[in-house]
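Visitor: Structure below; questions to follow.
A short reminder: the numbers here are calculations on the coordinates, not readings from a lab. What you see is a predicted model; the values in this text were computed from it and never measured. Every residue, glycine as well, gets a Cβ built from its backbone with ideal geometry; the counts of neighbours run over all protein chains shown.
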Amino acid sequence: MAQRKRRKLTPAQKWVVALAILMWVLGAANLSRAALAWLYQQRLPDLPLTLPFSWGYLMVMGIAWGVAFTVGATGLIRFRPWGRWWTLATTTLYEVHVWINHLLFDANDYARQIWSRALALSVLLLAIVWGLLSWSQVKRVFAQPEDGEGEG
């Protein structure tokens, strides 16, 4: 069995791998949120929530965003061009979704008091993702064909 020769990662590729790990963490966090929503729905069925369909909404959104971030991370770690675009779109849409939720569903003063912290974290995430994936050296990583790609 022939061993595949491992090539050394460039600094740009290492940053992409680090970003892929961050995307996997966000994916796992959202899948965990979905699992917790299901658990809470089972254990606390009479807990009053902002909306009557909140548990289902939290489960569906957790699964959807968890899968979306995991798909993006997979594309990034494999250095696929679609992984770059998927991650940019997913992260941006996720933050839009987060802020729509804040604006529509934050139901108490404390939730509104921490908007500045939430905004700082949103801007930081978007700056990291867009900054790294817009860096010219990183763009070149995704422009290069992978070994064996394009073969019949």
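Visitor: If I go through region 1-31 residue by residue, how many of them are farther than 20 Å from T87 by Cα and surrounded by fewer than 13 Cβ atoms within 10 Å (Cβ to Cβ)? I'd like the intermediate steps shown before the answer.
Guide: The initial filter retains those residues of region 1-31 that are farther than 20 Å from T87 by Cα, namely 1-10.
With surrounded by fewer than 13 Cβ atoms within 10 Å (Cβ to Cβ) added as a condition, the list becomes 1-8.
Number satisfying all stated conditions: 8.
Visitor: If I filter region 103-124 for residues that are closer than 30 Å to Q13 by Cβ and surrounded by 15 or more Cβ atoms within 10 Å (Cβ to Cβ), do I get at least one hit?
Guide: First, the residues of region 103-124 that are closer than 30 Å to Q13 by Cβ: 120-124.
Those still in the list that are surrounded by 15 or more Cβ atoms within 10 Å (Cβ to Cβ) too: 122.
Yes, region 103-124 contains a residue that is closer than 30 Å to Q13 by Cβ and surrounded by 15 or more Cβ atoms within 10 Å (Cβ to Cβ).
Visitor: Now, a different point. Return yes or no: is A73 buried (at least 18 other Cβ atoms within 10 Å of the Cβ) and either in contact (Cβ under 8 Å) with a residue 60 or more places away in the chain or within 20 Å of V141 (Cα to Cα) (or both)? Full working, then the answer.
Guide: Numbers: buried (at least 18 other Cβ atoms within 10 Å of the Cβ): yes; either in contact (Cβ under 8 Å) with a residue 60 or more places away in the chain or within 20 Å of V141 (Cα to Cα) (or both): yes.
Yes; evaluated as a whole, the condition is true for this residue.
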